[in-house]
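One structure is given here, and the rest of the page talks about it.
The values are calculated or read from the model by the stated rules, or taken from the named source; none is laboratory data. Owing to the predicted nature of the structure, the values given are computational and were not obtained by experimental measurement. Every residue, glycine as well, gets a Cβ built from its backbone with ideal geometry; the counts of neighbours run over all protein chains shown. Accessible surface areas use protein heavy atoms only, side chains included; no ligands, DNA or RNA. Shrake-Rupley method; radii C 1.70, N 1.55, O 1.52, S 1.80 Å.
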Amino acid sequence: MDTETARSFLEVVAAGSFVAAAERLHVTQSTVSTRIRQLEEQLGCRLFLRTKSGTTLTAEGVRFQRHAVAILRLWEQARQEAALPPGHRALLRIGGEAGLWNRLLHRWIPWMRRNAADIALRCEVGLPDGLLQGLREGTLDLGVMYSPRSTPGLTVSLLIEEELVLLRIPGESGGGDYVHIDWSDDFRRKIRLRHPEAQTTPLSIGVGTLGLDYLKQCGGTGHFPRGLVQPLVDSGVAEILPEAHPFNLPIYAVHPAEADAGVVDAALTGLRTILSDARGPAHPSDLPMASID
């Protein structure tokens, strides 16, 4: 069995149908069907139950799933380690969401070069679903994200929980709107429940630092990590509006359960160090409770 067959099997599992898996793999449905049929012939058992609504794993398919993950991970590890730079004991492939890289994780790279110089690094930017797929398939060793889904074979660890504050920056005429920052799935759910009026805001931005840049230019309000905006508050450029129910923004690290502990532990130590250093101190306020509209 080749790696493309294993990858096709896992894509059918993740997508729930042969059609969706083919779209993800950028091949035809017949190609995916042929690969799965040949795999079932090689193994001597059925891996999927096919229905009009999609596919589900058989008991044999469930048992084979962890081996398919291991096959891809072993191949990627072998391919990467074969080209390991001289003087390095391991390669760590880390992926993170864009907002985390440009706000926090860029500090992790020099920390690793100073404190774990014998670990070569490959750093990537991605969306949560793509990062989880890379971790499942073995193309990533570590992912950093806001709201990962629980996935078999992957270990999820809380790195830090930031406090989100409601920031206000005075602006010129027309610049007083609430700006929705798409921090995470959990934040979207909570903001809908607590402040349904926020869903009608004319501006939604997927990266927090871009949202903050907009507020600096045009004024308005929005939810941001305290450590990110405290310098603006201290300088008198912005103010924090207290809320009855503050928001928190957890940041997680995700890695395969059987990952090299020596390599992953060094990376996690660095992540916790730079995230802890970046978190600003608490500044309580006795201003009246605020509304976001």
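Scan the stretch 44-56 residue by residue and report those that are on the phi > 0 side of the Ramachandran plot and open to solvent by 50 Å² or more (accessible area, probe 1.4 Å).
Within the stretch 44-56, Gly44 is the sole residue that qualifies.
Mind checking which residues of the stretch 1-43 are in a loop (DSSP other than H, G, I, E, B), modelled with pLDDT of 90 or more and open to solvent by 70 Å² or more (accessible area, probe 1.4 Å)?
Within the stretch 1-43, His26, Thr28 meet the criteria.
Could you list all residues from the stretch 101-124 that are more than 22 Å from the chain's Cα centre (by Cα) and open to solvent by 80 Å² or more (accessible area, probe 1.4 Å)?
Arg113, Arg114, Asn115 - these are the residues of the stretch 101-124 that are more than 22 Å from the chain's Cα centre (by Cα) and open to solvent by 80 Å² or more (accessible area, probe 1.4 Å).
Looking only at the stretch 213-257, how many residues end up being crowded, with 18+ Cβ neighbours inside 10 Å, out of contact with any His (no Cβ under 9 Å at 6 or more places or on another chain) and among the hydrophobic types (A, V, I, L, M, F, W, C)?
9
Cβ-Cβ below 9 Å, separation at least six or inter-chain, first residue in the stretch 226-239 and in a helix (DSSP H, G or I) and of a type in the set (Lys, Arg), second modelled with pLDDT under 95 and open to solvent by 60 Å² or more (accessible area, probe 1.4 Å): which pairs?
From the stretch 226-239, the pairs are Arg226/Glu163; Arg226/Arg279; Arg226/Pro281; Arg226/Ala282; Arg226/His283.
Being within 24 Å of Leu159 (Cα to Cα) and among the β-branched types (Val, Ile, Thr) is the filter here, so list the residues in the stretch 208-262 that pass it.
Matches in the stretch 208-262: Thr209, Val229, Ile251, Val254.
Pairs only if they're at least six apart or on different chains, beta carbon under 8 angstrom, first in the stretch 49-62 and closer than 18 Å to Ala22 by Cβ, second open to solvent by 80 Å² or more (accessible area, probe 1.4 Å) and modelled with pLDDT under 90; list them, first residue then second.
Close Cβ pairs (under 8 Å, with a partner that is open to solvent by 80 Å² or more (accessible area, probe 1.4 Å) and modelled with pLDDT under 90) do not exist here.
Hey, among Ala90, Ala59, which residue is surrounded by fewer than 13 Cβ atoms within 10 Å (Cβ to Cβ) and either in contact with a Cys (Cβ under 9 Å, 6 or more places away or on another chain) or modelled with pLDDT of 85 or more (or both)?
When all the criteria are applied, what remains is Ala59.
Considering every residue within the stretch 94-111, establish whether at least one is small (Gly, Ala, Ser) and farther than 16 Å from Tyr252 by Cα.
no
Being open to solvent by 70 Å² or more (accessible area, probe 1.4 Å) and part of a helix (DSSP H, G or I) is the filter; apply it to the stretch 198-212 and report the residue that is modelled with the lowest pLDDT.
Per the stated criteria, the residue is Gln199.
If we scan the stretch 80-88, do we find a residue that is closer than 15 Å to Ala267 by Cβ, touching a strand residue (DSSP E or B) at 6+ places or on another chain (Cβ under 9 Å) and touching a residue at least 12 places away in the same chain (Cβ under 8 Å)?
There is at least one residue in the stretch 80-88 that is closer than 15 Å to Ala267 by Cβ, touching a strand residue (DSSP E or B) at 6+ places or on another chain (Cβ under 9 Å) and touching a residue at least 12 places away in the same chain (Cβ under 8 Å).
Output the residues belonging to the stretch 53-100 that are part of a helix (DSSP H, G or I) and under 16 Å from the mean Cα position of the chain (by Cα).
Residues satisfying the conditions are Ala98, Gly99, Leu100.
Sort out which residues of the stretch 140-189 are in contact with a Lys or Arg (Cβ under 8 Å, 6 or more places away or on another chain), in a loop (DSSP other than H, G, I, E, B) and surrounded by 19 or more Cβ atoms within 10 Å (Cβ to Cβ), and write them in order of number.
If the condition is that a residue be in contact with a Lys or Arg (Cβ under 8 Å, 6 or more places away or on another chain), in a loop (DSSP other than H, G, I, E, B) and surrounded by 19 or more Cβ atoms within 10 Å (Cβ to Cβ), then Leu140, Asp141 are the ones that fit.
Considering each of Asp129, Asp118 in turn, give the residue that is in contact with a Lys or Arg (Cβ under 6 Å, 6 or more places away or on another chain) and either of a type outside the set (Val, Ile, Thr) or over 23 Å from Phe247 (Cβ atoms) (or both).
Asp118
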